[in-house]
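J.: Right, I'll just put the structure down here and ask away after.
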C-alpha cells in the first residue's frame, strides 16, 4: 500500500510506530552483553569466545546491510521492515532455548542477517515522509528508540540474576513477533514522487535499479567515501563501548554485574536522548541558513565527545566516568539525528537505503572485528582502558574529516 499525500500526523505517527521497533532492534541484540557471567559460566567460554558472539552478529549484520537497503530502495520499505522484525524476533525467541555455544553462535549469525534489513529501510521511510525542516528531528526521535533499547538492554544483568538469562530472550522474542503483525496493518510506503515530480528532480527509476548500478553511483562520490571512513571509525568506537564497557566498568570500578551493565548503557543513553533532540532541533533550524548545518553539528558534537571518551577510560573516579559517558552520549545523539539527513544531501535519492546499508556494512564489519580483538587483548592482559583511549583519538580524526564533504547543489 502506498501513500501519495502523506499527512504530518501520519508522518509523526510513523516515527512513533518505528520507535518501538528501534527499541527492540537494539534491546534484543545488546541484552547478551550484560548477561556475560551466566552465559560464560553455563557454556564454559573464554573472553574471546564471548566476544565472538557479538562479532558474528556484527559480521552477518554488516554483510547483508547493503542488500537489505537495496531491497528497500527497489521494492518496498514496508515489506522489508516487517520481514526484518518478524524474523529477528523469532531468532531472539530461539536464542532463549539454545543448548550449546555453537547453537548460540548460529542464532547470533541469523539475528544479524535479519536485523540488517531494518535500519536502512526504516530511516529511508522516515526521511521519505519528513523533508527539510523536520528531517533531523524525526530521524533523531526514531534513533532514540535505539538508545532506549541499549539502556534497557543493560538490565539484562538483572533479568539474568532474578529470572535466568534465557527468559529475557523468550519474552521479547514473542513480543516482537506479535508487533510485526500489528505493523502489517499500519505501515504505508510513500510514492517516490511529490506533486508528480521526484524529490530533488530525480526520476523514479526504482523498478530498474540494480545493486551494481547503485554501488557505482554511490562510490563515485568522494563525499560518500569520506562518510564511509567516518562511519567505520564510529562503528569501531561504538561497538567497543557496547561490547566491553560493562566488563570495563565492573573490573575498574568494582561494580556488581547488574550495576555495571546498567551503568554502561544507562548514562550514555541519557546523554544520547539529550543529544538527539538538541542535535535534531538545532540542525533543522540552522539548515534554513546553512545547508551544511547537519555536518557541522556532527563535527561539533564529537570534537567534544571524543575527548570525553578518552577521559572515561583514564579516570579512577566513577563520578567522572559517569559525566564522561553522558557527554559522549550527547555527541552520539547529535550524530544519529543528522547522519541520514547528511547522506540525503550527498547521495542520489534513489539509492538512499542502499547507501545507508553500505555505511552499516563497513561500520559493523570493523566493529565486529574490534569486539573480538577487545576480547583477545583482554585475554592477553591488555587493559581495555588503552583500547578506549586509542579509539577516542581515531574518532576525533575521523570526525574532522567530515569537513571535506561537499553537498549536492539542490540538497
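The values are calculated or read from the model by the stated rules, or taken from the named source; none is laboratory data. Everything quoted here is computed from the prediction, not taken from an experiment. A quick note on method: Cβ atoms are made from the backbone with ideal geometry, for glycine too, and the neighbour counts reach across all protein chains shown.
J.: Which number in (1) over 18 Å from residue 387 (Cα atoms); (2) crowded, with 24+ Cβ neighbours inside 10 Å; (3) modelled with pLDDT under 95 marks the one condition that residue 297 misses?
T.: (3)
J.: Which residue, of 366, 317, 276, is closer than 30 Å to residue 253 by Cα, at pLDDT below 95 and crowded, with 24+ Cβ neighbours inside 10 Å?
T.: Working: 366 fails: crowded, with 24+ Cβ neighbours inside 10 Å; 317 fails: crowded, with 24+ Cβ neighbours inside 10 Å.
Answer to the check: 276.
Let's see how each residue does on (1) in contact with a helix residue (DSSP H, G or I) (Cβ under 9 Å, 6 or more places away or on another chain); (2) more than 21 Å from residue 266 (Cβ to Cβ); (3) modelled with pLDDT of 90 or more; (4) crowded, with 18+ Cβ neighbours inside 10 Å:
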{"site": "305", "(1), (2), (3), (4)": "yes, no, yes, yes"}
{"site": "308", "(1), (2), (3), (4)": "yes, no, yes, yes"}
{"site": "327", "(1), (2), (3), (4)": "yes, no, yes, yes"}
{"site": "330", "(1), (2), (3), (4)": "yes, no, yes, yes"}
{"site": "338", "(1), (2), (3), (4)": "yes, yes, yes, yes"}
{"site": "346", "(1), (2), (3), (4)": "yes, yes, yes, yes"}
{"site": "350", "(1), (2), (3), (4)": "yes, yes, no, yes"}
{"site": "353", "(1), (2), (3), (4)": "yes, yes, yes, yes"}
{"site": "357", "(1), (2), (3), (4)": "yes, yes, yes, yes"}
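J.: Out of 240, 255, report the one residue that is outside any helix (DSSP H, G or I), touching a helix residue (DSSP H, G or I) at 6+ places or on another chain (Cβ under 8 Å) and surrounded by fewer than 24 Cβ atoms within 10 Å (Cβ to Cβ). Walk me through how you get there before you give the answer.
T.: Working: 240 fails: outside any helix (DSSP H, G or I).
Residue meeting the stated conditions: 255.
J.: May I ask you to say which residue of 282, 245, 249 is more than 15 Å from residue 309 (Cα to Cα) and in contact with a helix residue (DSSP H, G or I) (Cβ under 7 Å, 6 or more places away or on another chain)?
T.: Numbers: 245 fails: more than 15 Å from residue 309 (Cα to Cα); 249 fails: more than 15 Å from residue 309 (Cα to Cα).
Of 282, 245, 249, the one residue that is more than 15 Å from residue 309 (Cα to Cα) and in contact with a helix residue (DSSP H, G or I) (Cβ under 7 Å, 6 or more places away or on another chain) is 282.
J.: Among the helices (runs of 4 or more DSSP H) confined wholly to region 20-120, which include 1 or more residues that are within 25 Å of residue 336 (Cα to Cα) and touching a strand residue (DSSP E or B) at 6+ places or on another chain (Cβ under 7 Å)? Spell out the reasoning first.
T.: On the way: elements: 36-43, 47-74, 77-95, 101-115.
Counting at least 1 such residues, we get 77-95.
J.: Can we say residue 238 is at pLDDT below 85 and under 22 Å from residue 403 (Cβ atoms)?
T.: Yes; evaluated as a whole, the condition is true for this residue.
J.: Go through (1) crowded, with 24+ Cβ neighbours inside 10 Å; (2) within 17 Å of the chain's Cα centre (by Cα) for residue 59 and report which single condition fails.
T.: (1)
J.: A further question on this structure: Taking only pairs six or more apart or across chains, which ones have beta-carbon atoms under 8 Å, a first residue in region 11-34 that is surrounded by fewer than 21 Cβ atoms within 10 Å (Cβ to Cβ), and a second residue that is modelled with pLDDT under 95 and not in a helix (DSSP H, G or I)?
T.: The qualifying pairs are 11/130; 17/187.
J.: Let me ask something else. Of all residues in region 309-324, which are free of Cβ contacts under 8 Å to residues at least 60 places away in the same chain and assigned to a helix (DSSP H, G or I)?
T.: 311, 319, 320, 322, 323, 324
J.: Kindly provide the set of residues from region 260-302 that are part of a loop (DSSP other than H, G, I, E, B) and free of Cβ contacts under 8 Å to residues at least 60 places away in the same chain, ordered by number.
T.: 289, 290
J.: Can I ask one more? Among 225, 184, 218, 178, which is the only one that is under 21 Å from residue 408 (Cα atoms), at pLDDT 85 or above, within 25 Å of the chain's Cα centre (by Cα) and surrounded by fewer than 17 Cβ atoms within 10 Å (Cβ to Cβ)? Before you say what the answer is, go through the steps one by one.
T.: Working: 184 fails: under 21 Å from residue 408 (Cα atoms); 218 fails: surrounded by fewer than 17 Cβ atoms within 10 Å (Cβ to Cβ); 178 fails: under 21 Å from residue 408 (Cα atoms).
Going through 225, 184, 218, 178 in turn, the sole match is 225.
J.: Residues of region 121-140 being within 24 Å of residue 62 (Cα to Cα), surrounded by fewer than 24 Cβ atoms within 10 Å (Cβ to Cβ) and either at pLDDT below 90 or out of contact with any strand residue (DSSP E or B) (no Cβ under 8 Å at 6 or more places or on another chain) (or both), which ones?
T.: 126
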